[in-house]
Amino acid sequence: MTSLIELRILEGPNLYFPRAAVKLTLDITPLAEAPDETVQRFARRIGLKNVRQGAAGSGFRQRFATRAVARLVRSIAGESGTARLAVRVRPTNDPHQIVVAFPWRHRNKGEALGRAVAEVLDALPGADIDVLVSEVAQRLATVEAGAAPTTIKPRIPVVAVTGTNGKTTTSRMIAHIARTNGLLVGWSNTDGIYIDGELVEPGDYSGPSGAGRVLAHKQVQLAVTETARGGILLKGIGLTRNDVSVVTNVTADHLGLQGIDTVDQLAEVKAVVPRITRPDGWAVLNGDDPRVLAMRQVIKAQPWVFSRDPDSPAVREVLNSGGRATTVIDGWVAVLTPGRDADPLIELVDVPMTLAGLSRFNVENTLAAASAALAIGMPRDVVVEGLRTFRPDAEHNPGRMNFFSIGEVSVVMDLAHNEAGLEALIEIMNGVRRPGARILLGLGVVGDRQDELIEQLGEIAGRDADVLAICHKERYLRGRTTDELDVLMRAGAERVGATHIVSWPTEVSGLEALVAQAQPGDVVGIMCHAERQECYDWIAGKGGTPDSPEHLAEKVRAARD
């Protein structure tokens, strides 16, 4: 058995350090199960004195092991000629595994140190520890240094956006505002890389490679980067810093992957983005999300919060500390600055993305985008014009809250990939449903979600939809089968009494079936991810048309009446 489960090179700021690091996932069973005499000898060799190692296999032994491995890393590094090495150790949900991280300046040396640590652990309990540690340190000293980190130091301003929900919409709004100001903007997100509004490379570029490609474009004047959890954990952030950061929210999503098992741990990952914001820059934080607001404790930048409640404690605290806030006062997006009167920018009803003020999440995205645009230096009137002209359609915000009309039936397409996203989708569907009309929902999930989350999505859909269909995403099964996902979604829906559910192999076939059942005034929603363009084409082929902001406002008024 080998102790080294994974060695990962993180090329930039990451969960553990604000610079490139080596991350080791180690099986500590050899140390956790070793006899007391071996453990004591090992501890003396690496310079630990007066240890209380606990019994083999106990929780005390496991805690000793995490301390001892950190000391082992420093000992090998020190004896090979590297002094004062920082080391971070974190537990995992498996008591026999830990994560160890340390910075690196030269790739070969960093990798070799990680393998040397695993070699010592592999040799327990039978090896001559005194000799083995010296041997691996001597070999490490002879290893060729290797390449330096490739982390990019930006030459232009960067706005970095992260969060569980709203990243893509918020980053698109910021980019649109900047383009309204005449700047040539490059931005990267889960759809691809865009240069001046044109998609130049499709794909998920929410990691460091997306930011790198945007910054490599010599004509780009402002970079807007969507930074997702996976990129931070698997590769690190590709940039040394950003000028403005935005954290939209933190909710349960992608848990159980890469050692992130709780929402609090997920918040730690997202906090990497504002942690590397320049001290003279701004960290735009969701004041209504306690985990996001708590990131004020780890940032060096100036705080700028956004909140739908102008009297929230978050707004008061940040203003009292000299920061800024963006909120809603009397239906207006307003900016608050210490010692000044509130500055009303624009009425929410004039911001198309808020769906006539109906979408709570898009109100928050609007506040976040306005804050970031002002923080990066966009003129006030340009921000207002950008908010007024950014629309929830396939051109400006593909796949996010896109409204269409097919005759007298409304159709809305949205990613809605987690609980918060699905609740937001249902919220706006209710907002345009005429009295007595129905909600028909196409439910679909991607395979890399926990069973509990998939069942919860089924429960929400079964509770709130009048007609429910399952629409599978064959391109995003990610190791699962459609039958397996079907069982989980149905289990959740059945908990709230929804049993008559038809499954469809694709999003398009599910959308077609739901629209065929719809009556005038009904609202059809599709959780669309895999076949966005195909759904657009099908709607157009049925004579469907995108809803203008004016038409959407009419639907909202009709629903309220």
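Every read-out reported here was derived from the displayed coordinates using simple, explicitly stated rules and does not represent laboratory data. Just so you know, these numbers come straight off a predicted model, no measurement behind them. All Cβ positions, glycine included, derive from the backbone under ideal geometry; neighbour counts span all protein chains shown.
Can you tell me the FRET efficiency between Gln265 and Ala148 if r is taken as the Cβ-Cβ distance and R0 is 22 Å, rounded to the nearest 0.05?
On the way: r = 30 Å, r/R0 = 1.36.
My answer for the efficiency is 0.15.
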Checklist entry - Expressed as a rounded percentage, what relative contact order does the range 158-389 have, with Cα pairs under 8 Å and six or more residues apart? => result 19
Checklist outcome for this item: With bins of 10 Å, the percent of all Cα-Cα pairs of the range 330-472 per bin from 0 is 10, 35, 29, 18, 7, 0
Checklist outcome for this item: Amide H proximity to Lys473 below 5 Å, modelled H, separation 5+ or other chain, gives Val445
Checklist entry - Between Gln97 and residues 5 or more places away or on another chain, which pairs have amide H atoms under 5 Å apart, with H built 1.01 Å from N, and which residues are they? => result Ile28, Thr92
Item to check | Packing rank of 312-320, 383-391, where each peptide gets the mean count of other beta carbons within 10 Å, highest leading | outcome: 383-391, 312-320
Next on the checklist: How tilted is helix 549-560 with respect to the longest principal axis of the chain? Cα atoms for both, answer in degrees (0 to 90, nearest 10).
Outcome noted: 80
Checklist entry - In Å, what is the Rg of the alpha-carbon atoms in the range 4-141, and how long is Dmax? => result 14.0, 41
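What is the fewest-to-most order of Asp27, Asp122, Asp537 by other Cβ atoms lying within 10 Å of their Cβ?
Placing the least packed residue first, the sequence is Asp537, Asp122, Asp27.
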Checklist outcome for this item: Short to long, in 20 Å steps from zero, the percent of alpha-carbon pairs of the chain per bin is 20, 47, 27, 6, 0
Item to check | Nearest-ten-degree value, helix 59-79 long axis tilted from longest Cα axis of the chain | outcome: 70
Item to check | Residues listed by number, the range 69-102, amide nitrogen under 12 Å from Ala141 label point at 7 Å toward C-beta | outcome: 77-82
Item to check | Quotient of C-alpha Rg and 2.2 N^0.38 Å, computed over the range 402-560 | outcome: 0.97
Checklist entry - Between the range 422-462 and the range 88-102, how many Å separate their Cα centres? => result 37
Item to check | Cα centroid separation, the range 509-561 to the range 32-77 (Å) | outcome: 62
Item to check | Gained length - Leu234 relative to Gln219, 0.36 nm times residue gap less alpha-carbon distance | outcome: 2.5 nm
Item to check | Over the chain, relative contact order from alpha-carbon pairs under 8 Å, at least 6 apart, % | outcome: 11
Item to check | Under-21-angstrom lysine pairs by C-alpha in the chain, whenever the two are 8 or more apart or on separate chains | outcome: 13
Checklist outcome for this item: Between Val200 and residues 5 or more places away or on another chain, the pairs with built amide H atoms under 5 Å apart involve Ile193, Tyr194, Ile195
Next on the checklist: As I understand it, the value is the acute angle between the Cα axis of helix 129-141 and the longest principal axis of the Cα atoms of the chain; what does it come to in degrees, rounded to 10?
Outcome noted: 60
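Report, in deg cm²/dmol and to the nearest 500, the calculated mean residue ellipticity at 222 nm for the chain, where each DSSP H run with n ≥ 4 adds -39500 (n - 2.57) and the sum is divided by the residue count.
Computed mean residue ellipticity for the chain: -11500 deg cm²/dmol.
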Checklist outcome for this item: For the range 27-102, shape from the Cα gyration tensor axes a ≥ b ≥ c, cut at a/c of 1.5 then a/b versus b/c, turns out oblate
Checklist entry - Can you sort Glu6, Glu119, Glu364 so the residue with the fewest Cβ neighbours within 10 Å comes first? => result Glu6, Glu119, Glu364
Checklist entry - Could you give me the ³J(HN,Hα) list for the range 498-509, computed from phi with Karplus coefficients 6.51, -1.76, 1.60 and θ = phi - 60°, whole Hz, x at Gly and Pro? => result 8, 10, 8, 10, 9, 9, 10, x, 9, 5, 5, 5
Checklist entry - Between Glu201 and Ala491, what length in nm is gained on full extension when 0.36 nm per residue of separation is reduced by their alpha carbon distance? => result 100.5 nm
Next on the checklist: Which of rounded, prolate or oblate describes the range 158-389 when judged by the alpha-carbon gyration tensor and an a/c cut-off of 1.5?
Outcome noted: oblate
Checklist outcome for this item: Expressed as a whole-number percentage, the relative contact order of the range 22-170 with C-alpha contacts under 8 angstrom and at least six residues apart is 27
Item to check | Under the Karplus curve 6.51 cos²θ - 1.76 cosθ + 1.60, θ = phi - 60°, whole-Hz ³J(HN,Hα) for the range 512-526, x wherever Gly or Pro sits | outcome: 4, 5, 5, 5, 5, 8, 6, 9, x, x, 5, 10, 9, x, 10
Item to check | J(HN,Hα) series, the range 391-396, from Karplus relation 6.51 cos²θ - 1.76 cosθ + 1.60, nearest Hz, glycine and proline x | outcome: 10, x, 10, 5, 7, 8
